[in-house]
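Asks: The following block contains the structure, expressed as structure tokens.
The values are calculated or read from the model by the stated rules, or taken from the named source; none is laboratory data. Treat the numbers as computed from the prediction; the structure is a model and nothing was measured. With ideal geometry, Cβ positions are generated from the backbone for all residues, glycine too; neighbour counts draw on all protein chains shown. To get the accessible areas, we keep the full protein, side chains included, count just its heavy atoms, and leave off ligands, DNA and RNA. Shrake-Rupley method; radii C 1.70, N 1.55, O 1.52, S 1.80 Å.
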Amino acid sequence: MNDLLLRLIKKHFPDEKGLLENTAFFDALSDVFDEYDDDRYILEQSLTVTSNELMEINDQLKNKLVAYQSATDKAQEELAKRQAQLDATPEAVFSFEANGTVSLVNRAGLELIGLSREQVYQNDAKQNLAIFSDLVSNTDEFEDIMYQTETTKEICLSGQLEFRDGRFFEYFTVPEYLGEKYLGRVYYLRDVSKLKEKQKELKFKAFHDELTGLPNRAHLLNTLDRAILNAEENKTCVAVVFIDLDNFKFINDTAGHGVGDEFIIRAAQSFKENIRCDDIIGRLGGDEFLVIFDGISDKSQIEKFKQRLMSVLGKTIVIKNREYDLSCSIGLSLFPDHGDNAHDLIRKADIAMYEAKQAGKKTFYYFVPQLEKVALDRIDLESRLRNGIKNNEFFLMYQPKVDVSTGQVVGAEALIRWRQSDGSIATPNEFIEFAESTGLIHLVTEWVVDRVCRQIVAWNNESSHQFPIAINISPKDFTNDQFVELVAGIVHKYNIPHGQLEFEITENVFMKDTDHSRKIVRQLRALGVLISIDDFGTGFSSMSVLLDLDVDYLKIDKTFVSYARNNEKSAAIVKSIIDIARNLSVGVIAEGIEDQKDLYFVQNAGCNVAQGFYYSRPISLEDFEQYVERVNMQFSAYMG
């Protein structure tokens, strides 16, 4: 019997009699209870299974929800990072939906358009288009960009836009796709105004002189090329004017580079003020300028141009309370007469300028074909001179300096000669001035000083010829900042005793800058070098030189000696120089002694040392040594 039914019967029928009387009934009822138990068990089992399934599904949903929330948080973090990264970049970034609304904008983008993020996100396509259209200066260009991106979704564009406020922005735009689906477009704008300004500045510097702001050589060549093309089309002429400042190096060296720069600026301004506003003036470099005078239909215009430009000459420029004379040498070439290209015309104008400078400066020369041959000859001479220095084609001649009372040799002057490749011998008059104009004089002087010092050492070691050897020093060397250093190096190299090396320097050199001259003389004398003032008496302030400088000898210019016998004034000058020198304890050397009468005159005037053809012409080293030996033997015989 079913357990539940049995408990119920015992509870309600305590008397077993009733149970026995209804056994069949209770058995049937027990079967019903058993079936119920079975159904309940099945239901319970079914509920248990269902509950487990629901719990499992619930757990799965919870896990999915957690995963979704995590993914959402991560996505939000990524979006926040992306926004922060975009906000950190100085470039403006806009992301537009396909409908023209903005889905993303960074801080730079908001600053560019002057709106808040909320305002931007609320704007529709039409409002956004109006905002950007108001920003750009060229609306047609902007509308063309919009048209291209609208009609060709996949297009990528880049370029530059100028804004109304003067700024320049470089833009890039690319489409956004998800597979085949067009999502919208991203715009990237970078402010390149400073870069643009820098490029403009660099371009200006590339074609303009930094000091004066004038067009430079590259700019002038381009301008001249265009002027030539225009002249060919219009059947006109172009004048190319080459200007070189006179004596600028002296200003730069004596007053300093600051004053030199200011002088260049003022000179450029003066030139600019005296040409037409359409003419182009530029600086080639250093102290050289070029003027392009085009559109010449009548050559008489050139003369008027010349007069305007020449009016600048002689102008006084005051810098730091000191006056400087604006002087220049000018050369002119003409298209098409003298050339058909810029380089040729500039070269020929330069040739004409050089001739103007050689003619005495402060003047104007037109190019003529003959000048080109002269220029080519100069180029050839420079080449041969360089090779002469390189190939050791120079040699020295010696002219003795003689004690007028004893006839003994007390010194010598070393005079350079150039044995050229064709066998001919060139004297200093044929190449020294040219060497000075090309800067090669420094190499020539270095060779001479070195060779003389070498000879002094040889004589000190091998003979009794221990007297000073004099060298003529070019003004270009004396004013060169490296000259003393060069001399010191050679003197120390050969260990030259004091008083055996002598420099002869013309009087006029000392007049240009007395302070500088005093400094150089002091430094040279400290090295043991004797100083002689050459051609004394020909300068403008000979006496002031003696007061300002501590020198060893005066060499009386030979013109005074040659005229002294027949000219009382010349004789008086010679005697005065000798008297002054004696009173100042300065030695005197009379040069240009041609005969016995010249010798008697200077001897009677009190001069101690003489030099000239009467004693000997410049002779070779071997002949000079023989001359000294012969004179010494004669003196010994006379004294013995």
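Asks: For the stretch 135-238, which helices (runs of 4 or more DSSP H) that fit wholly inside it have 1 or more residues that are aromatic (Phe, Trp, Tyr)?
Replies: 139-151, 193-207
Asks: Can you tell me which residues in the stretch 242-260 are among the hydrophobic types (A, V, I, L, M, F, W, C) and either open to solvent by 60 Å² or more (accessible area, probe 1.4 Å) or part of a loop (DSSP other than H, G, I, E, B) (or both)? I'd like the intermediate steps shown before the answer.
Replies: Step one: filter the stretch 242-260 for residues among the hydrophobic types (A, V, I, L, M, F, W, C), giving 242-243, 245, 248, 250-251, 255, 259.
Within the stretch 242-260, Phe250 is the sole residue that qualifies.
Asks: Would you mind listing the strands (runs of 3 or more DSSP E) fully within the stretch 505-621 where at least 1 residues are within 30 Å of Gln482 (Cα to Cα) and at pLDDT 80 or above?
Replies: Once the strands (runs of 3 or more DSSP E) in the stretch 505-621 are filtered for at least 1 residues that are within 30 Å of Gln482 (Cα to Cα) and at pLDDT 80 or above, what remains is 529-536, 553-556, 587-591.
Asks: Among the residues of the stretch 413-442, which ones are surrounded by fewer than 13 Cβ atoms within 10 Å (Cβ to Cβ) and either modelled with pLDDT of 90 or more or within 26 Å of Val402 (Cα to Cα) (or both)?
Replies: Matches in the stretch 413-442: Ser424, Ile425, Asn429.
Asks: Mind counting the residues in the stretch 387-406 that are in a loop (DSSP other than H, G, I, E, B) and open to solvent by 30 Å² or more (accessible area, probe 1.4 Å)? Working first, answer last.
Replies: Step one: list which residues in the stretch 387-406 are in a loop (DSSP other than H, G, I, E, B), which gives 391-393, 404-406.
Filter once more, keeping what is open to solvent by 30 Å² or more (accessible area, probe 1.4 Å): 391-393, 405-406.
Residues that pass the stated criteria total 5.
Asks: Please determine whether any residue of the stretch 342-363 is among the aromatic types (Phe, Trp, Tyr) and in contact with a Phe, Trp or Tyr (Cβ under 9 Å, 6 or more places away or on another chain).
Replies: yes
Asks: Same structure again: Six or more apart or on different chains, Cβ atoms under 6 Å: show the pairs whose first residue is in the stretch 550-573 and open to solvent by less than 60 Å² (accessible area, probe 1.4 Å) and whose second is of a type in the set (D, E, K, R).
Replies: Every condition considered, the pairs that remain are Lys555/Asp534; Lys555/Glu591; Asp557/Asp535; Val561/Asp598.
Asks: Taking the conditions exactly as written (open to solvent by less than 30 Å² (accessible area, probe 1.4 Å), of a type in the set (A, V, I, L, M, F, W, C) and not in a helix (DSSP H, G or I)), does Phe467 satisfy them or not?
Replies: Criteria met by Phe467.
Asks: Could you please find all residues in the stretch 144-173 being surrounded by 15 or more Cβ atoms within 10 Å (Cβ to Cβ), of a type outside the set (A, V, I, L, M, F, W, C), at pLDDT 90 or above and under 22 Å from Gly100 (Cβ atoms)?
Replies: Those that are surrounded by 15 or more Cβ atoms within 10 Å (Cβ to Cβ), of a type outside the set (A, V, I, L, M, F, W, C), at pLDDT 90 or above and under 22 Å from Gly100 (Cβ atoms): Tyr171, Thr173.
Asks: May I pose another question? Sort out which residues of the stretch 335-347 are within 31 Å of the chain's Cα centre (by Cα) and in contact (Cβ under 8 Å) with a residue 60 or more places away in the chain, and write them in order of number.
Replies: If the condition is that a residue be within 31 Å of the chain's Cα centre (by Cα) and in contact (Cβ under 8 Å) with a residue 60 or more places away in the chain, then Asp340, Asn341, Ala342, His343, Leu345, Ile346 are the ones that fit.
Asks: Can you tell me which residues in the stretch 261-296 are crowded, with 18+ Cβ neighbours inside 10 Å and of a type in the set (Lys, Arg)?
Replies: Correct list: Arg283 only.
Asks: Within the stretch 594-625, restricting attention to residues that are within 57 Å of the chain's Cα centre (by Cα) and among the polar types (S, T, N, Q), which residue is most open to solvent (accessible area, probe 1.4 Å)?
Replies: Asn608
Asks: I've got another one for you. Which condition number in (1) small (Gly, Ala, Ser); (2) crowded, with 18+ Cβ neighbours inside 10 Å; (3) closer than 18 Å to Lys272 by Cβ is the one that Ala352 fails?
Replies: Condition (3) is where Ala352 drops out.
Asks: Shifting gears a bit: So how many residues does the stretch 357-379 have that are under 19 Å from Asp344 (Cβ atoms) and either without any contact (Cβ under 8 Å) to a residue 40 or more places away in the chain or buried (at least 19 other Cβ atoms within 10 Å of the Cβ) (or both)?
Replies: Qualifying residue count, the stretch 357-379: 14.
Asks: If I ask for residues that are farther than 21 Å from Leu161 by Cα and either of a type in the set (S, T, N, Q) or exposed (fewer than 14 other Cβ atoms within 10 Å of the Cβ) (or both), which ones from the stretch 174-195 would you list?
Replies: Tyr177, Leu178, Gly179, Glu180, Lys181, Tyr182
Asks: Run Leu110 past the list (1) open to solvent by 30 Å² or more (accessible area, probe 1.4 Å); (2) under 51 Å from the mean Cα position of the chain (by Cα) and report the number of the one that doesn't hold.
Replies: Here Leu110 meets the rest and fails (1).
Asks: If Leu313 satisfies all but one of (1) crowded, with 16+ Cβ neighbours inside 10 Å; (2) more than 23 Å from the chain's Cα centre (by Cα); (3) modelled with pLDDT of 90 or more, what's the number of the condition it fails?
Replies: Every listed condition holds for Leu313 apart from (3).
Asks: Residues to consider are Arg185, Arg164, Arg217, Arg226; find the one that is in contact (Cβ under 8 Å) with a residue 40 or more places away in the chain and either farther than 30 Å from Ile317 by Cα or in contact with an Asp or Glu (Cβ under 7 Å, 6 or more places away or on another chain) (or both).
Replies: Arg185
Asks: Hey, another quick one. Given (1) over 45 Å from the mean Cα position of the chain (by Cα); (2) among the aliphatic types (A, V, I, L, M); (3) open to solvent by less than 50 Å² (accessible area, probe 1.4 Å), identify the lone condition not met by Leu224.
Replies: Just one mismatch for Leu224, condition (1).
Asks: When you scan the stretch 121-134, how many residues do you find that are among the charged types (D, E, K, R) and in a helix (DSSP H, G or I)?
Replies: As a first pass, look at the stretch 121-134 and keep what is among the charged types (D, E, K, R): 124, 126, 134.
When the remaining residues are screened for being in a helix (DSSP H, G or I), the result is 126, 134.
Number satisfying all stated conditions: 2.
Asks: Report, by residue number, each residue of the stretch 81-102 that is surrounded by fewer than 14 Cβ atoms within 10 Å (Cβ to Cβ) and farther than 20 Å from Ser158 by Cβ.
Replies: Lys81, Arg82, Ala84, Gln85, Ala88, Asn99, listed by residue number.
Asks: If I ask for residues that are of a type in the set (A, V, I, L, M, F, W, C), free of Cβ contacts under 8 Å to residues at least 12 places away in the same chain and over 19 Å from His208 (Cα atoms), which ones from the stretch 233-287 would you list?
Replies: Passing the criteria: none in range.
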